[in-house]
1. Looking at B:ARG252, is it loosely packed, with under 12 Cβ neighbours inside 10 Å and of a type in the set (Lys, Arg)?
2. I'd like the full set of residues that are assigned to a helix (DSSP H, G or I) and acidic (Asp, Glu), limited to the stretch B:149-207.
3. Given the options B:ASN17, B:ASN52, name the one that is at pLDDT below 95 and of a type outside the set (A, V, I, L, M, F, W, C).
4. Which of the residues belonging to the stretch B:157-188 are closer than 30 Å to B:TRP212 by Cβ and either surrounded by fewer than 17 Cβ atoms within 10 Å (Cβ to Cβ) or free of Cβ contacts under 8 Å to residues at least 60 places away in the same chain (or both)?
5. Only residues that are assigned to a helix (DSSP H, G or I) and among the small types (Gly, Ala, Ser): list them for the stretch B:102-141, please.
6. Would you point out the residue of the stretch A:26-50, among those that are at the interface with another protein chain (Cβ under 10 Å from one of its Cβ atoms) and assigned to a loop (DSSP other than H, G, I, E, B), that is surrounded by the fewest Cβ atoms within 10 Å (Cβ to Cβ)?
7. State all residues of the stretch B:36-67 that are free of Cβ contacts under 8 Å to residues at least 24 places away in the same chain and within 14 Å of chain A (Cβ to nearest Cβ); if no residue qualifies, say none.
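The values are calculated or read from the model by the stated rules, or taken from the named source; none is laboratory data. The structure presented is a predicted model; accordingly, all values stated were derived computationally and were not measured. A quick note on method: Cβ atoms are made from the backbone with ideal geometry, for glycine too, and the neighbour counts reach across all protein chains shown. All accessible areas refer to the heavy atoms of the entire protein, side chains included, with ligands and DNA or RNA removed. Shrake-Rupley method; radii C 1.70, N 1.55, O 1.52, S 1.80 Å.
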Amino acid sequence: MNKKEWPIWEVFVRSKNGLEHRHVGSLHAADAEMAMENARDVYTRRSEGVSIWVVESKHILASNPENSGELFEPAKDKVYRHPTFYDLPEELKHM
Amino acid sequence: MQSQEAAFQAKIDAGQNIEPKDWMPEKYRKTHIRQISQHAHSEIVGMLPEGNWITRAPSLRRKVALLAKVQDEAGHGLYLYSAAETLGISRDELFEQLHSGKAKYSSIFNYPTLSWADMGAIGWLVDGAAIINQVMLTRTSYGPYARAMVRICKEESFHQRQGYEIMLTLCEGTEVQKQLAQDSLNRWWWPSLMMFGPPDAVSTHTEQSMKWRIKLKSNDELRQQFVDITVPQAEILGLTIPDPDLKWNEERGHYDFGEIDWDEFWQVVKGNGPCNRERLSARNEAWDNGAWVREAAIAHADKKKSTQNV
């Protein structure tokens, strides 16, 4: 138990060209190369991807749900950022 | 505190998911660590009874399928361990709980695989029962667990179909082969029903688990669902389910079935099943014998890092 654990890596997979990489899960590996090999075996056994990113979890800064208010509230009252905010006549086309 | 808990419950009642950094009651966290890790351990220990037959598969077709299935189970264990780790427990702690016997895993894996037909019965019945439970869990409230379940369910369907195909082939074979299939069903039927856990009347976790959407159906409901689905599948095989009390109940719209031997269930849970000791010692041996590999990989990674920094 006192032995050093292999660090955790987050795995992102692009399912096909034209689409973004998506987070698919995590795994343990001693280094980046091993993380890549393990990601191949754990997350793409059935042709789920054409490209893999691995990043050590400690390098990701995740927002804290307790700060959700200050982070996300300000966007809520800015309805004028949406196209439906503007009153335009019915007969207007292509807009 | 009170209001935090109320807000948490309201979120669950509204059908929202809980994610790793969200506030959660300590008991929710603990229950999930216990349940997800038990599930992970079951996948890992579940590789052992089937691994027993890989080298003796009757054809290359069967062998590659069984290998792929066992590899999937390793993958499923890893998805689940990762989900448990988001709750603040380390992988090594989880392994330690398994290896010391502190953590439980599904009792079904403490039964031996005596013939090739058992590869069929396990895929058909054990994976079939697992799928019923796991499909429900794709809608569970804890996000990482639900997402792991979605992946697992997608992959698990092949497991059950390859098992049923093995049964079908045996049932269409010689009289001896058909007897092997029947013998296997006889041995795996009752332990499969026990996989859904104790009856609702005595299940200690059910009520709180339903409230927190850790479970969406009770043990008895899931068990009934399994029986209703499986009986017609046995009929197609031409096999007899080893339960003299099994019969269709027109009024209920379900099959009635006989009394489960819960003494046997608790005996196996307590460590006295036919293979409990064998399974745990196999896991401990694998972990201990792999220690030098884990250490060497870390040493190699450290060395590479230090040469890069020069």
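1. For B:ARG252, the condition - loosely packed, with under 12 Cβ neighbours inside 10 Å and of a type in the set (Lys, Arg) - is met.
2. Within the stretch B:149-207, B:GLU155, B:GLU156, B:GLU165, B:GLU175, B:ASP183, B:GLU207 meet the criteria.
3. None of the other options fit; the residue is B:ASN52.
4. B:SER157, B:GLN160
5. B:SER107, B:ALA117, B:GLY120, B:ALA121, B:GLY123, B:GLY128, B:ALA129, B:ALA130
6. Here the answer is A:ARG46.
7. B:VAL64, B:LEU67
Quick grid of which residues meet (1) within 14 Å of another protein chain (Cβ to nearest Cβ); (2) surrounded by fewer than 15 Cβ atoms within 10 Å (Cβ to Cβ):
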site	(1), (2)
B:LEU237	no, no
B:ASP261	no, yes
B:PHE265	no, no
B:VAL268	no, no
B:GLY273	no, no
B:GLU278	no, yes
B:ALA282	no, no
B:ASP302	yes, yes
